[in-house]
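Colleague: The structure's right below; bear with me while I get my questions together.
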Amino acid sequence: MQNDTDKIDEETRKLVIERLKSFPSDKNISIGEEGSFTKDEIIGHVQKNDEIGKKMVEVELSYLKALKRGVFFE
Amino acid sequence: MNNFSILVTRPKNDLTTTYLFYWAGLVIEEAKKKGCRILDLREKRANKKEFCGIINKTKPELLFLNGHGNRNLITGHDQEILIQSNVNEDITKDSVVYALSCRVAETLGVKCVKKGARAFIGYKNDFIFLTEQAFITHPLDDQTAALFLEPSNLIVTSLIKGHSAGNSHNRSQQEYKKSIRKLVTSESLQEDKSSLRFLIWDMEAQICLGDQSARM
């Protein structure tokens, strides 16, 4: 069961990284006191699965859920 | 003309607080035009001694707090703690608070309301925004950051105009939706659409606690 969860987490991270690859290189992401990050830095955090990386995964999953809910038409 | 006081904290220690510093400056200009008394704790003045001293002396009706934070505290210059759960949240008593800071609405905001803040508008999760590298030395020209900081500023400018806390929060939510629709429906570049996930994140994180009808 744990292996299945790990596999899903790994797949989710890969999905998020692929989506972040289309992020513009001339913009930074400011995340409170964590700092300001370029696309490559953020992708690095997701790969490392550290707190910032986990936050980005959370943002991305939240976005996908909002899309499913039809947030643009609310 | 208004005759109430607004206390603004706006440290400027890093890129994030520098952006908040300049964008809060726009609200200050608007408030001055409306006749509000501004207590501007900028940069080094955003320290606990001045913050508490001025509040105890002048009892400002509105606190506009910009800075880093977490669920239990909000900071000022050099991340000095200004308000902390179970320490001094009662300093917000009788004020309406807008905190542009990560997560503070989750716990600190709830405790402020329990200790007598009339209303507390803030974010129950991290406030995330995008900046353009070309504009880091002149944040007010950064149209990407504007997508995030205009809906934020609208909370305070709405309060100044006499809207209630709940209505000011709703107006900000509508402004977020306007930013989102602009990106979705316009011919904006795919690159600009990268802001969408964070705009939705911030919009959903923003909450208004306490008396929704509280107004200046």
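Colleague: Select from the stretch B:2-16 the residues that are within 10 Å of chain A (Cβ to nearest Cβ) and in contact with a strand residue (DSSP E or B) (Cβ under 6 Å, 6 or more places away or on another chain) and write down the one among them that is surrounded by the most Cβ atoms within 10 Å (Cβ to Cβ).
Modeller: B:16
Colleague: When you scan the stretch A:20-71, how many residues do you find that are within 17 Å of residue B:194 (Cβ to Cβ) and of a type in the set (Gly, Ala, Ser)?
Modeller: The number of residues fulfilling the criteria is 6.
Colleague: Considering only residues of the stretch A:1-37 that are acidic (Asp, Glu) and farther than 30 Å from residue B:139 by Cα, which is farthest from the chain's Cα centre (by Cα)?
Modeller: Among residues in the stretch A:1-37 that are acidic (Asp, Glu) and farther than 30 Å from residue B:139 by Cα, the one farthest from the chain's Cα centre (by Cα) is A:4.
Colleague: Check the stretch B:147-169 and report whether any residue there is within 9 Å of chain A (Cβ to nearest Cβ) and among the β-branched types (Val, Ile, Thr).
Modeller: The answer is no, given that none of the residues of the stretch B:147-169 is within 9 Å of chain A (Cβ to nearest Cβ) and among the β-branched types (Val, Ile, Thr).
Colleague: Here's a follow-up. Is it the case, given these coordinates, that residue A:65 is more than 19 Å from residue B:145 (Cα to Cα) and touching an Asp or Glu at 6+ places or on another chain (Cβ under 7 Å)?
Modeller: No; evaluated as a whole, the condition is false for this residue.
Colleague: Before we move on, is residue B:136 touching a residue at least 40 places away in the same chain (Cβ under 8 Å) and either buried (at least 18 other Cβ atoms within 10 Å of the Cβ) or closer than 17 Å to residue B:68 by Cα (or both)?
Modeller: So residue B:136 fails the test.
Colleague: Would you confirm whether or not the stretch B:185-199 contains a residue that is in contact with a Ser or Thr (Cβ under 6 Å, 6 or more places away or on another chain) and either modelled with pLDDT of 95 or more or over 22 Å from residue A:16 (Cβ atoms) (or both)?
Modeller: Yes, the stretch B:185-199 contains at least one residue that is in contact with a Ser or Thr (Cβ under 6 Å, 6 or more places away or on another chain) and either modelled with pLDDT of 95 or more or over 22 Å from residue A:16 (Cβ atoms) (or both).
Colleague: Taking the options B:49, B:34, name whichever one is closer than 16 Å to residue B:154 by Cα and over 16 Å from the mean Cα position of the chain (by Cα).
Modeller: Answer to the selection: B:34.
Colleague: If the Cβ limit is 7 Å and pairs must be 6+ apart or interchain, which residue in the stretch A:26-49 that is on the phi < 0 side of the Ramachandran plot pairs with which residue that is basic (Lys, Arg)?
Modeller: A:31/A:55; A:46/A:13
Colleague: Restricting to the stretch B:158-184, give me the number of residues that are among the small types (Gly, Ala, Ser), modelled with pLDDT of 95 or more and in a helix (DSSP H, G or I).
Modeller: If we filter the stretch B:158-184 for residues that are among the small types (Gly, Ala, Ser), which is where we start, we get B:158, B:162, B:164-166, B:168, B:172, B:179.
Right, trim to modelled with pLDDT of 95 or more and you get B:158, B:162, B:164-166, B:168, B:172.
Next, from what is left, pick out any that are in a helix (DSSP H, G or I): B:158, B:165-166, B:168, B:172.
Counting residues in the stretch B:158-184 that are among the small types (Gly, Ala, Ser), modelled with pLDDT of 95 or more and in a helix (DSSP H, G or I) gives 5.
The values are calculated or read from the model by the stated rules, or taken from the named source; none is laboratory data. Keep in mind it's a predicted model, so treat the numbers as computed, not measured. Neighbour counts run over all protein chains shown; Cβ positions are idealised from the backbone, glycine included.
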